[in-house]
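Comments concern the structure below.
The numbers here are math on the coordinates, done by the rules we state, and not lab data. All values derive from a computational prediction rather than experimental measurement. Cβ placement follows ideal geometry from the backbone for every residue including glycine, while neighbour counts extend to all protein chains displayed.
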Amino acid sequence: MLTFKLIIFAERINCCPSSKKSLMTKVKNISLFLYILLSFIGPTVMDLARLLLLITFTLISFIQYTPTRINKPYLLLGSIIICYNILLLSFSIIRYPTTGIIEAKSIIFYFSIYFFLSIFISIEQLKYIDKALIASTIFISSYFAYILLGKLGAIPFFAGDFLRQDYFVAASYSNAKIYALHLNSLTYLIPYVFFKTLNKDGKQIINLIALIMGSLTALLSLRRGIILSAIIGTVLTIIITVKFRNIKITKVLAISFISIVAIFVLFHFSNVDIEKYFDAITSSFDFSNNRSNTIRTEQFSYLIDKIKDNPIFGHGIGAYDPNYYRSESNPANFELQYIKMIFASGFLGFFLNLAFVTSAFYSTLKLYRRSDFHRKMLLPALAAWIATLVYNASNPLITQLGPYFMFFHIFYIINSLKNDQSQIPNPYLK
């Protein structure tokens, strides 16, 4: 009965004058833009604002909804993953009630939200998402500079700033702690902006400024995972796509050269010890003295031993050992996210998620060959997606509502392009 009333309500709204429809569309698109922006830069205190924006976008999208094509592998595999995780949770929540609920919030609830949002995302909405990503890169970098200069006494710094509650220690610089707002988001944003600049897509000057600022912030942060993942995502994307399109290596080198020169100039005037940053990056490969690496090595050995006890279905969502855990607030969470996935949901759950990712990768390569329009849409998101998947292997990045967008963005582009009728017919979609 409720569903019937909602359908009648939607039909009545759709009969409204075009001016009202236009206003609703603007509100919907602005809500999406602000939601994505706050997902990347907004602190915890803005959770309510994010929720209201998401509800606004979803409600208006439902009212204006028209049937769209959904990528069949995406729909099938995503639905199976959700059902499988719910089934696992029903068995494990009795034994692990607290951690089961915490993990289910990420693995089931957040996943489901972004999964079903795909039916509402169109080419028009992707343009607003793109603007939000560029704005997020500039904002995060600017705020990092504000914290850095403030800590060094170069500018007035408000220590009581309410945003600081979400900062995490990123580096030690001149005996001052540097904090950054959602700094890990740069793992996604740097490769995205790099290929936006490479494709000459959008305002080039703004893209280049965002690229330089984001890259400099990542280097100053001493977050090795961000730097290495962004580089790996960028390089792998060039290697994967070069045979489908004649990417001019000279253009890649030119953009890289301009960015590197600008960064070194800024390093010079700020009296930064460059050797310190190279040492931080090379220490990522030290598995004997680097405590961060040894912890992950120990964690790998422990989880592998536990996986052997139940390799097919895992130990259940929220499962943990009271004798070994990394977080008191959530003992079921570990840095090694994919090994943890096998531990919790078994190889069956792991291969379901792997098939889900593989289907997106396969669809991306097919759509990529369609036209320059599709390449410009897909290339930045593909590089950012690969970088995020690499980073998430050893750091729990895709665990919160906002960062979950980084995983699903590529799926939205795939579905939107398959529904776009303005481009040439795609023989690969038959």
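What does the extension gain come out to for Phe347 and Leu76, with contour length at 0.36 nm per residue minus their alpha carbon separation? Please report the intermediate quantities before stating the final value.
Values: separation 271, 0.36 × 271 = 97.56 nm, distance 1.87 nm.
Separation in residues times 0.36 nm, less the Cα-Cα distance, equals 95.7 nm.
Give me Ser112, Ser106 ranked fewest to most by other Cβ atoms within 10 Å of their Cβ, as a rough exposure proxy.
Details: Ser112 16, Ser106 19.
Exposure proxy ranking, most exposed first: Ser112, Ser106.
Assuming R0 = 45 Å, what is the FRET efficiency of Thr98 and Arg369, from their Cβ-Cβ distance, to the nearest 0.05?
Working: r = 48 Å, r/R0 = 1.08.
It comes out at approximately 0.40.
How do Ile190, Ile212 line up, fewest other C-beta atoms within 10 Å first? Numbers along the way, then the final one.
Numbers: Ile190 28, Ile212 21.
Ranked by crowding around the Cβ, least crowded first: Ile212, Ile190.
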* Asked: Using the 10 angstrom Cβ neighbour count as an exposure proxy, how do Thr58, Thr358 rank, fewest first?
  -> Thr358, Thr58
* Asked: What is the spin-label model distance, in nm, from Ser301 to Leu48 if the labels are put 7 Å beyond Cα along the C-beta direction?
  -> 4.9
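Go through Lys127/Lys200; Lys131/Lys376; Lys28/Lys105; Lys127/Lys418; Lys131/Lys196 and tell me which ones have a Cα-Cα distance over 20 Å in this structure. Walk me through the numbers before you get to the answer.
Values: Lys127/Lys200 15 Å; Lys131/Lys376 14 Å; Lys28/Lys105 26 Å; Lys127/Lys418 16 Å; Lys131/Lys196 11 Å.
Distance filter (> 20 Å) returns Lys28/Lys105.
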* Which far-off residues, 5 or more places away or on another chain, put their amide H under 5 Å from the one on Gly314, with H placed in the peptide plane? -> Gly346, Phe347
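Rounded to the nearest 0.05, what FRET efficiency is calculated for Ile123 and Ile312 with R0 set to 41 Å and r the Cβ-Cβ distance?
Details: r = 42 Å, r/R0 = 1.01.
About 0.50, to the nearest 0.05.
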* Structure fact -> HN-Hα couplings for the stretch 116-131 via Karplus (6.51, -1.76, 1.60; θ = phi - 60°), in whole Hz with x for Gly/Pro, come out as 7, 5, 4, 6, 9, 8, 10, 4, 4, 5, 4, 5, 5, 4, 4, 4
